[in-house]
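Data block below; observations after.
The values are calculated or read from the model by the stated rules, or taken from the named source; none is laboratory data. No experiment lies behind these values; they were computed from the predicted model shown. We place every Cβ from the backbone using ideal geometry, glycine too, and count neighbours over all the protein chains shown.
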Amino acid sequence: MTQPLFLKSRKLARAISAQLSRGEKQALQVFFDVIALTLAAAVAFKLRLGFDYVFNAGQLASLLAAPLTAIPVFIRLGLYRAVMRYLPERILWTIIKAMTIAALVWTAVAFFSASYGGTGVPRSVPILYWLLGFMIVLVSRFSMKWLLFSTDDGAEGRRTLIYGAGQAGTQLAAALQSDGRTKLLGFIDDNPELHGRDVAGLRVFPRDHIETLILNLGVEEIILSLPSVSGAKKLEIGSYLGRMPVKVRVLPSISDIAAGRYDVGSLRDFDIGELLGRSTVPPDVALLEKVVRGKRLVITGAGGSIGSHLARLVDAYHPREVFLVDNNEFALFRILQTLNSSQSAYPLHPVLGSVSDEMLVESLFRDNSIDLVLHAAAYKHVDLVEQNIAEGIRNNVCGTEVLARLAYESGVRQFVLISSDKAVNPTSVMGATKRLSELLVRKFAEFAAANGTGQVFLAVRFGNVVGSSGSVVPLFKQQIEAGGPVTVTDRNMMRYFMAISEAAELIVQAAALSKGGETFLLDMGEPVSIYELARNMIGLAGLRPKTEEDPGGDIEIKEIGMRSGEKLTEQLLYDVASATPTEHPKIMKAKRFTKAHLRIDEIVAQLMEALPKATPSELRALLFALIEDFHKHQYPDLVAMGNVAVLPVKGQGRR
């Protein structure tokens with residue numbers, strides 16, 4: 001009979017507890033402590049003076065003073081902030097401190113009120129009071145936890161909070177609970193309407209409670225579930241969490257979310273690079289398969305950052321045959337090994353050489369019926385190309401001309417140029433060469449349209465990709481690991497960022513949308529301040545940036561000044577009004593100019609003629625003079641500033 005009665009009592013206690021608000025529960029704890037501490041003081045007197053002793057007026061006042069001095073101490077040390085369900089064992093130390101301070105304050109009150117010793121408070125009573133009070137408070141807390149929340153209420157495991165109580169967060173919570181290896185303690189969310197509410201059976205807390213939750217609940221891990229939050233906001237949150245003594249992990253990719261896969265093993269350690277470019281739109285598998293499945297592909301620059309990701313992407317969509325072209329032996333060997341390890345079921349051919357080698361490219365196209373060329377080969381480091389102008393022109397412009405011309409002559413069905421936002425109003429040699437490459441591709445698109453060949457030539461333009469060889473993210477990481485300083489060119493510099501895997505997916509999807517001659521623009525989201533990126537990465541490492549406001553910080557951020565050819569901000573468009581949406585929400589299309597081919601042959605011919613004999617400064621001047629002259633004919637409203645063509649765009653901000 002005892003066991004069923006006990007279970008009924010426990011069930012009743014849980015039902016009553018569930019009806020009480022957090023404030024009501026805290027009030028009950030305070031009321032209990034007032035009674036318990038008064039009783040503890042009374043028992044302490046009885047143990048010292050005998051159980052038949054009758055208290056005098058001064059001793060009765062001391063009994064009442066015991067809880068009055070203890071409760072403010074308990075509040076200050078957070079004994080009423082801990083959530084009973086998740087009461088951590090570390091609260092033992094907090095109770096010891098609270099009772100020690102409370103006993104000392106009580107003794108001091110007795111001393112200064114001249115009631116200490118003699119017929120007042122005997123010297124041994126505070127010691128007995130401390131011992132009894134500690135035992136009562138400790139036992140009451142853990143007894144209540146045991147009574148109301150049995151150990152089978154949740155799996156034992158890593159004590160975890162989920163940051164983000166949206167749909168993705170609640171689905172992740174369900175997956176983690178069914179996995180059984182995580183002890184979920186609640187959600188963190190920035191939406192004030194959710195604070196204090198239960199979502200999926202878990203309480204939602206505001207962000208400013210995180211430190212208290214870590215202390216009172218013993219939080220060991222926070223998982224970010226923020227698939228639709230902007231990159232800048234993710235950076236700010238990541239920087240804040242980086243200073244917390246917890247492990248931070250991130251939700252699986254949006255592709256896994258779309259497919260309904262919440263494999264707990266796929267949760268990744270927090271990486272600021274992923275947060276910068278994490279996509280909120282899953283790839284359209286039908287578009288990817290349309291371009292890749294059963295096709296013979298050439299990927300140039302296959303060992304580079306973009307090229308290697310394109311190679312890995314197409315590997316998953318069953319191409320018929322793939323040719324990997326790169327002039328870097330080690331990079332080509334590395335991507336070849338990666339694809340071979342995936343046990344690809346199609347022929348894979350490494351081609352060592354440069355795209356500007358006409359004999360090599362001609363034999364490649366002549367001996368194989370190529371369906372698609374993904375042209376990622378280019379020199380992209382702005383500063384290096386500025387110092388090697390002739391080679392930048394030779395590789396980026398002449399190489400594209402050779403590849404596009406031979407692709408057109410060989411009947412290649414589709415040609416995709418990977419371009420850059422630096423091609424818009426170029427101020428660097430790299431950007432200028434990319435602009436000419438875009439014009440070359442557009443020329444062959446117009447030839448194909450005029451002659452009815454059915455071939456498709458297009459360019460895809462986007463900004464910085466996180467994880468590329470030229471990205472500032474790995475540079476900042478190295479500088480932080482070395483103890484600084486972290487170097488930024490200018491405090492006001494802004495850049496767009498995109499995850500490299502997402503960029504590769506969107507490039508191939510743009511090819512599926514093309515009818516020929518377009519320049520597609522990838523939606524890069526909001527621009528990110530490079531200076532704030534540096535600050536946030538320092539914060540993510542658990543350190544403080546050393547600034548004028550905080551000279552005692554850990555890592556200095558040093559401005560080194562802009563280098564030749566750099567801009568404070570980049571543009572994806574010459575004219576925002578000319579961009580039109582496509583079927584894909586993250587791919588736009590720039591206005592098509594039909595007269596692009598009328599001057600490009602002349603420009604390339606002059607550059608090729610000047611290459612062997614002109615000095616670097618002469619080459620640079622010629623390059624920008626040719627582009628500026630071309631733009632005067634293409635854009636009547638163009639304003640020339642020095643040797644840089646700049647188009648004033650109404651209503652255009654950082655874009």
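Among the listed residues ASP315, ASP357, which satisfies the condition of being more than 21 Å from ASN396 (Cα to Cα) and either surrounded by fewer than 14 Cβ atoms within 10 Å (Cβ to Cβ) or assigned by TED's automatic domain parsing to the domain that holds CYS398 (or both)?
Answer to the selection: ASP315.
Against the condition modelled with pLDDT of 70 or more, touching a strand residue (DSSP E or B) at 6+ places or on another chain (Cβ under 7 Å), outside any loop (DSSP other than H, G, I, E, B) and surrounded by 13 or more Cβ atoms within 10 Å (Cβ to Cβ), how does ILE627 come out, does it pass? For ILE627, the condition - modelled with pLDDT of 70 or more, touching a strand residue (DSSP E or B) at 6+ places or on another chain (Cβ under 7 Å), outside any loop (DSSP other than H, G, I, E, B) and surrounded by 13 or more Cβ atoms within 10 Å (Cβ to Cβ) - is met.
Screening the candidates THR400, THR453, THR433, THR427 for the property of being at pLDDT 90 or above and assigned to a loop (DSSP other than H, G, I, E, B) yields one hit, THR453. Return a yes/no flag: does the range 223-244 have any residue that is modelled with pLDDT of 60 or more, among the basic types (Lys, Arg) and surrounded by fewer than 17 Cβ atoms within 10 Å (Cβ to Cβ). Looking through the range 223-244, at least one residue is modelled with pLDDT of 60 or more, among the basic types (Lys, Arg) and surrounded by fewer than 17 Cβ atoms within 10 Å (Cβ to Cβ). In the set ASN536, ASN492, only one residue is assigned to a helix (DSSP H, G or I), in the same structural domain as ALA423 (by TED's automatic domain parsing), closer than 30 Å to GLU559 by Cβ and polar (S, T, N, Q); that residue is ASN536.
Beta carbons closer than 7 Å, at least 6 apart along the sequence or on distinct chains, pair a first residue in the range 535-553 that is within 11 Å of PHE476 (Cβ to Cβ) with a second that is of a type in the set (Phe, Trp, Tyr) and in a helix (DSSP H, G or I) for MET537/PHE476.
Among the residues here, ASN492 qualifies as in contact with a strand residue (DSSP E or B) (Cβ under 9 Å, 6 or more places away or on another chain) and either farther than 15 Å from ASP421 by Cα or free of Cβ contacts under 8 Å to residues at least 24 places away in the same chain (or both). Among GLY483, GLY452, which is in contact (Cβ under 8 Å) with a residue 12 or more places away in the chain and surrounded by fewer than 16 Cβ atoms within 10 Å (Cβ to Cβ)? One residue alone meets the criteria, GLY483. Of note, ALA407 does not satisfy the criterion of being under 23 Å from LEU622 (Cβ atoms) and surrounded by 16 or more Cβ atoms within 10 Å (Cβ to Cβ). Counting only residues that are in a loop (DSSP other than H, G, I, E, B), hydrophobic (A, V, I, L, M, F, W, C) and over 20 Å from LEU297 (Cβ atoms), the range 354-397 holds 0 of them.
Condition check ((1) among the aliphatic types (A, V, I, L, M); (2) at pLDDT 75 or above; (3) out of contact with any Phe, Trp or Tyr (no Cβ under 9 Å at 6 or more places or on another chain)) across all residues:
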| site | (1), (2), (3) |
| --- | --- |
| GLN3 | no, no, yes |
| SER21 | no, no, yes |
| LEU60 | yes, yes, yes |
| LEU63 | yes, yes, no |
| ALA66 | yes, yes, no |
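The residues on offer are GLU532, GLU505, and the sole one that is out of contact with any Pro (no Cβ under 8 Å at 6 or more places or on another chain) and among the acidic types (Asp, Glu) is GLU532.
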